[in-house]
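Following: one structure in structure tokens, then a few remarks.
The values are calculated or read from the model by the stated rules, or taken from the named source; none is laboratory data. For clarity, every value in this text was computed on a predicted model and none was experimentally measured. We place every Cβ from the backbone using ideal geometry, glycine too, and count neighbours over all the protein chains shown.
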Amino acid sequence: MNSVIEALHIYDEHKRAILSHTYTSRPLSAAHLLPLYLEHPVPRPSLIYLSNTNPPTLVFSLDHANLLYLATTSSDIEPLLVLEFLHRVIDALEEFLGAPILAHKIEANYDVVAQLLTEMCDAGTISTTEPNALRDVIEVEGILGKLLGSINLPTKALASSGTASSLIAQNGPSLPWRRANVRHTSNELYADVVETLSVTLAPSGRPIAAFANGTIAFTSKVSGVPDIAVSLTGPSGKHNLKSIMELPVFHPCVRLSRWKDSPGELSFIPPDGRFILAGYEVDLLPFTNGKNSNMNHNLKLPLSIEVRTGLGSVGSDFEIRLNINKIFGSTGQSMAGPSSRGGGGGGRGFGGPHAGTAASPLLQDVVVSVPLPSDVRSLSDVRPSRGDASYSPADNILEWHIPAKELSAGMSYFGLRCTVAGPLVDDAVEEDPSGFGLGKDYSYDEPYQGSITHHKSKEQTKGSEEERDLRKVAQNKILMPSSASVSFSVKGWTPSGIKVESIVVDPKKSRGLGEGIKPYKGVKYLTISKGGVVMSTLVSPLCCSAARTAVTSVSVRALSLRSSAALSYAPASVQIQHQLGCRRHGSTASNRRPRTAIFFPGQGVQKVGMLTPWLEAFPRSASMILEEIDSYMGYKLSDVIQNGTNRTLTLTPNAQPAIMATSILILRILEQECGFKTVERADVSLGHSLGEFAALVAAGVLEFEDALYMVRRRAESMAEATQKAREKYGGEYGMVAVVTEPKYLSTLVEAIDDFVGYRSAGTRSESADSRKPIDQVLIANINSKNQIVLSGSMHKIKELIAHVRQFLGHDPRAVQLNSDSPFHSPIMWPAYYVMRDLVSGKSRVKGREGKDIISFPGTMECISNVTARPFASASDVQELLARQCLETVRWWDSIKYLDQEQKVRRWIGIGPGKVGRNLVGKEVGMRGVDTVKGGGVFAITDPVEIDEVLRGLEKTEVLTEEEE
């Protein structure tokens, strides 16, 4: 049987073939193969059989870093072998080209890639795949050769190799996983033992199943050819280690005979660098069928969880209790420190003076996830004792985050109580036309007339209330969560108790080590549980059959959440898209509609994971738009938004592109999935500060790619300007919101002008530019009738606030904002010059090269932050967009102009967060169709809001004669 790989094709994020490597035979071409592969519905399996080709073809696929890898063969072959080969190809490309693998890297280094693919698979037969062995045979030249010059490529023989190294290279055994002539100035060895914990608990708290999947990651940076022995031990020693470590797997360098003869002893010559030495699985409940009464005590977890449902007068509350266990581990001693017993400030969750070591484990990253039934409409009350809890209606999941500082405070108990809200059995759903909780029921419930029947009506009312409460209790049982899971990490502890006892370099068997080399021995232990501790809850059966049916559906849904995230989210996605699909709205051609403005938020609304609801509700459209965004940015901005830390996302160079990109993603999804035609729906666009770029895109003045590039450069230049000011002049810079009573706003602004000495327009003058940054401050935003924002030197802002409080006659409230740069202040002069050059340049969009980056006029008017009036010309856009970096954002004036002069009656906010909607509502009122015909302030920040907002727009589509 001729089992060979016939070809390998690599496609970029736009499904364009960037490389095709044929090994043997005459396989399908890349252009012919791709349509056949894409015919299969998503999610596509890793192995697809194409029976309609000649000959029939097996297609193996792997998606990685927005690149698609397809390997084909027309003969029978071991599937896992080919899939492992694809993974090895990716590892080799990352090793030689650098991670992440990008399309342009492959195209620019085709000679290296071709050598790799030829050496790794010879005429279709898989051969050398170890990176260390490939380094000795792959020729790398140019810049990449300089970067890899220190790894002793054969084209660059080191003069310092010496005779001993040459002899070792010639006479030593062939080790495909270790390159020849390894030399390090600093020699070190260390290991990381990482275990992933998975536990299922019964409602009583009794563990049903518990497993730990372990990995031993080893790092070896030792000159020559070291021969290493690693000794492992278990909780009760080495004698039963083989029975504890189930399904062990080892790196090819490990001598298996040594392990079989002496379980726990690993003898090997390591690869150079970091690699996975071994993997294993441990059953933490080995006596599941026995009658060992102490079995539960053998499983020691860093925390325990309890779920209580059906609480409150009508059973609408549930409670999550989290207990931090102070005693666990093989020693059985308290890990909370000497002063932690009984409470006190001296203890950590596992405390001690050296947190994160084996002697003092450290608990971190605790997140409790509670999936809720689809019938839950909202959580009306969420009350955590510590930490932050948030409910996502898009995926019906409640997440409770407990920060590390709370865990280190010595507390052992944390609680979360929530109240669910859902439709009643016989009650009609209250209609909320605005989509933002503005609609209310103003019906009069008192008896029409006082009469002798009043007493009877009270008795009937009392009886009906009792029946209503019983119905509420019955339905609320359906709304209770059926499970809860906990994610966490523990540094310095592993649930299996497996430890590295010693790491020894055998000097007799090793060669070329040199004299006096004593590698540093170190071991770190880490336990990770990503939703691995799961507790199921009991749901009592109800009397009525309809209730039983609902309970069954909830149980099935909870099961799907545990078994496959893709399956559990599919119904929600289909349901949302179906609702939106049946409500594809367009403007009414025969009637005049109210003037409508579309607005976008500025910096500060960013949130890690803010794309998740859109990816789950519209996976295909959202993924394609994100691929486009990542290609424009040149790196995975989507990863920063979804998986980065809050600190990383808040940095100006990340936050500004992320917010702008998310706003346009939402707008694109509305247009593609819901038939929302921006040009027909809106008459004018505006954006708060950063949001002005999204507004210009919506208005057709800027292309998305150009705008995103400008935002990125603008953010980088702003961050650099702040850094230079700190380095040259010292001091702290930031922004402070000042809140006052509306009647004092004008006098407050005048007092600030007197103190500063120049107005916003004066920032362009030489007198303003000549001031040192440490002495500069400006009104950055006038957001509403009672709020402004100051920007500049924090020392100068504090002086200004003290001046206002002393001489103005009232005490405004000052709140420092979480901003790393003083935006819209004279300190941003470098950003002004960057923007001036960008807006005067040419477009980067394919097909528009050579054309001006500004397209004017656009498809609708757009309001400038600087003038609070529409942009009048292309030159106006160029000037004002650059000046916006320095000058005051006149948001309040913009809203007043549109409301009072342009008579805008509908406001649609697009983008993450609802800050913009609240600022607009402060001026025009949070109006809905029930109070002002044709009016309303709407916001689409989540897919669940789309249908209600579009329905509200549809009801206000016709302008009445009174409004004309």
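Just the residues that are in contact (Cβ under 8 Å) with a residue 40 or more places away in the chain and under 30 Å from Phe618 (Cβ atoms), please, taken from the range 34-85.
Residues satisfying the conditions are Val42, Pro43, Ala65, Asn66, Leu67, Leu68, Tyr69, Leu70.
Restricting to the range 54-70, give me the number of residues that are in a strand (DSSP E or B) and either buried (at least 21 other Cβ atoms within 10 Å of the Cβ) or of a type outside the set (Asp, Glu) (or both). Spell out the reasoning first.
Initial filter on the range 54-70 (in a strand (DSSP E or B)): 57-64, 67-70.
Within this subset, residues satisfying the condition of being either buried (at least 21 other Cβ atoms within 10 Å of the Cβ) or of a type outside the set (Asp, Glu) (or both) are 57-62, 64, 67-70.
Matching residues across the range 54-70 total 11.
Could you run through the range 244-261 and say how many residues are free of Cβ contacts under 8 Å to residues at least 12 places away in the same chain and more than 26 Å from Pro131 (Cα to Cα)?
Number satisfying all stated conditions: 2.
Does Glu945 satisfy the criteria of being closer than 30 Å to Pro822 by Cα, crowded, with 18+ Cβ neighbours inside 10 Å, at pLDDT below 90 and charged (D, E, K, R)? Working first, answer last.
Working: closer than 30 Å to Pro822 by Cα: no; crowded, with 18+ Cβ neighbours inside 10 Å: yes; at pLDDT below 90: yes; charged (D, E, K, R): yes.
Criteria not met by Glu945.
Identify the residue in the range 114-142 that is in contact (Cβ under 8 Å) with a residue 60 or more places away in the chain and in contact with a Ser or Thr (Cβ under 7 Å, 6 or more places away or on another chain) and, among all such residues, is nearest to Ser3 (Cα to Cα).
Gly124
Of all residues in the range 221-236, which are in contact with an Asp or Glu (Cβ under 7 Å, 6 or more places away or on another chain) and either part of a loop (DSSP other than H, G, I, E, B) or more than 20 Å from Gly512 (Cβ to Cβ) (or both)? Talk me through it step by step, then tell me what you get.
Our first condition is that a residue be in contact with an Asp or Glu (Cβ under 7 Å, 6 or more places away or on another chain); within the range 221-236, this holds for 221, 227, 229, 231-233.
The answer is Asp227, Ser231, Leu232, Thr233.
Out of Ser894, Ser821, Ser864, which single residue is crowded, with 21+ Cβ neighbours inside 10 Å and modelled with pLDDT under 90?
Checking each option against the conditions leaves just Ser821.
Just to be sure I understand the filter: pairs with C-beta atoms under 8 Å, separated by 6 or more residues or on different chains, first member in the range 191-206 and more than 21 Å from Glu281 (Cα to Cα) and assigned by TED's automatic domain parsing to the domain that holds Leu526, second member among the hydrophobic types (A, V, I, L, M, F, W, C) and outside any strand (DSSP E or B). Which pairs pass?
Sorted first by the residue in the range 191-206, then by its partner, the pairs are Pro203/Leu538.
Can you name the condition, by its number, that Asp91 falls short on among (1) more than 18 Å from Gly634 (Cα to Cα); (2) modelled with pLDDT of 90 or more; (3) of a type in the set (Asp, Glu)?
For Asp91, the failing item is (2).
Give Phe856, Phe823 a once-over and let me know the one that is aromatic (Phe, Trp, Tyr), part of a loop (DSSP other than H, G, I, E, B) and over 33 Å from the mean Cα position of the chain (by Cα).
None of the other options fit; the residue is Phe856.
Quick check on Ala570: is it more than 18 Å from the chain's Cα centre (by Cα) and either part of a helix (DSSP H, G or I) or modelled with pLDDT under 90 (or both)?
So Ala570 fits the description; yes.
Out of Lys903, Lys955, Lys922, I need the residue that is touching a strand residue (DSSP E or B) at 6+ places or on another chain (Cβ under 6 Å), surrounded by fewer than 23 Cβ atoms within 10 Å (Cβ to Cβ) and modelled with pLDDT of 80 or more. Which one?
The conditions single out Lys903.
Residue-by-condition table, conditions (1) in contact (Cβ under 8 Å) with a residue 24 or more places away in the chain; (2) out of contact with any strand residue (DSSP E or B) (no Cβ under 9 Å at 6 or more places or on another chain); (3) more than 21 Å from Asn66 (Cβ to Cβ); (4) not charged (D, E, K, R):
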{"residue": "Gly602", "(1), (2), (3), (4)": "yes, no, yes, yes"}
{"residue": "Val605", "(1), (2), (3), (4)": "yes, yes, yes, yes"}
{"residue": "Ser621", "(1), (2), (3), (4)": "yes, yes, no, yes"}
{"residue": "Leu665", "(1), (2), (3), (4)": "yes, yes, no, yes"}
{"residue": "Ile669", "(1), (2), (3), (4)": "yes, yes, no, yes"}
{"residue": "Lys677", "(1), (2), (3), (4)": "yes, yes, yes, no"}
{"residue": "Ala682", "(1), (2), (3), (4)": "yes, no, yes, yes"}
{"residue": "Ser689", "(1), (2), (3), (4)": "yes, no, yes, yes"}
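Residues checked against (1) exposed (fewer than 15 other Cβ atoms within 10 Å of the Cβ); (2) at pLDDT 85 or above; (3) assigned by TED's automatic domain parsing to the domain that holds Ala202:
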position	(1), (2), (3)
Leu256	yes, yes, yes
Asp261	yes, yes, yes
Ile269	no, yes, yes
Ser293	yes, no, no
Gly310	no, yes, no
Ile320	no, yes, no
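Tally the residues that are in a loop (DSSP other than H, G, I, E, B) and among the polar types (S, T, N, Q), restricting the search to the range 627-645.
In the first step, residues of the range 627-645 are kept if they are in a loop (DSSP other than H, G, I, E, B); the result is 634-636, 644-645.
Those left that are additionally among the polar types (S, T, N, Q): 645.
Counting residues in the range 627-645 that are in a loop (DSSP other than H, G, I, E, B) and among the polar types (S, T, N, Q) gives 1.
Would you pick out the residues in the range 87-117 that are over 27 Å from the mean Cα position of the chain (by Cα) and either outside the structural domain of Tyr11 (by TED's automatic domain parsing) or crowded, with 16+ Cβ neighbours inside 10 Å (or both)?
So in the range 87-117, the residues over 27 Å from the mean Cα position of the chain (by Cα) come out as 88-89, 92, 96, 106-117.
Residues satisfying the conditions are Arg88, Val89, Ala92, Phe96, Ile106, Asn109, Val112, Val113, Gln115, Leu116, Leu117.
Give me a count of the residues in the range 712-740 that are hydroxyl-bearing (Ser, Thr, Tyr), at pLDDT 85 or above, over 18 Å from Gln656 (Cβ atoms) and in a helix (DSSP H, G or I).
The number of residues fulfilling the criteria is 0.
Looking only at the range 324-347, decide whether some residue is of a type in the set (Gly, Ala, Ser) and modelled with pLDDT of 50 or more.
Here is the first cut: in the range 324-347, the residues of a type in the set (Gly, Ala, Ser) are 329-330, 332, 334, 336-337, 339-340, 342-347.
Then keep just the ones that are modelled with pLDDT of 50 or more; that gives none.
No; the residues of the range 324-347 include none that is of a type in the set (Gly, Ala, Ser) and modelled with pLDDT of 50 or more.
Right, Lys743: within 32 Å of the chain's Cα centre (by Cα), surrounded by fewer than 17 Cβ atoms within 10 Å (Cβ to Cβ) and assigned to a helix (DSSP H, G or I) or not?
no
For the range 208-233, how many residues meet the condition of being over 40 Å from the mean Cα position of the chain (by Cα) and of a type in the set (S, T, N, Q)?
Looking only at that region, the number is 1.
Checking Ser623 against (1) more than 20 Å from the chain's Cα centre (by Cα); (2) modelled with pLDDT of 90 or more, only one condition comes out false. Which one?
If we test Ser623 against (1) more than 20 Å from the chain's Cα centre (by Cα); (2) modelled with pLDDT of 90 or more, just (1) comes out false.
Where residues in the range 1-51 are small (Gly, Ala, Ser) and touching an Asp or Glu at 6+ places or on another chain (Cβ under 7 Å), which of them is nearest to Ile625 (Cα to Cα)?
Result: Ser25.
Can we say Lys842 is touching a strand residue (DSSP E or B) at 6+ places or on another chain (Cβ under 8 Å), more than 28 Å from Lys896 (Cβ to Cβ) and not polar (S, T, N, Q)?
So Lys842 fits the description; yes.
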